[in-house]
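Where a number appears in this text, it was derived from the coordinates with a stated rule and is not lab data. In this text the structure is predicted, and so the values were computed from the model without any measurement. Cβ coordinates were reconstructed from backbone atoms using ideal geometry, including for glycine residues, and neighbour counts include every protein chain displayed.
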Amino acid sequence: MLIAKRELILPAKLETVARVMFAEPDYVAFENSASIARRCNVSTTTLSRLAPRLGFRSFKEMQNCFRNHILDRKAQRKPS
């Protein structure tokens, strides 16, 4: 089996946003971009620049991925 390793090195501001996103996925999934940018002390443009670096076409697509994952996870936890 072949496993590829890829290191992702981000500029400081993009790394700050990425760290917040993965530390607080619920916040990122449901807040607007202006609020997320303020929390990270960056511009909304920085949020838009991060998305393609992580393989998404846009910030909205990236946010929807977070949102869908969280909603799916919560749906799986509900008792039947």
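Within the option set Arg67, Arg57, being of a type in the set (Lys, Arg) and surrounded by 15 or more Cβ atoms within 10 Å (Cβ to Cβ) holds for one residue only, Arg67.
Name the helices (runs of 4 or more DSSP H) wholly inside the range 5-80 in which the number of residues that are among the β-branched types (Val, Ile, Thr) is 3 or more.
Working: elements: 12-23, 25-30, 33-40, 44-53, 59-77.
Result: 12-23, 44-53.
When the range 29-54 is filtered for residues that are of a type in the set (A, V, I, L, M) and either surrounded by fewer than 17 Cβ atoms within 10 Å (Cβ to Cβ) or touching a strand residue (DSSP E or B) at 6+ places or on another chain (Cβ under 8 Å) (or both), the ones remaining, listed by number, are Ala34, Leu54.
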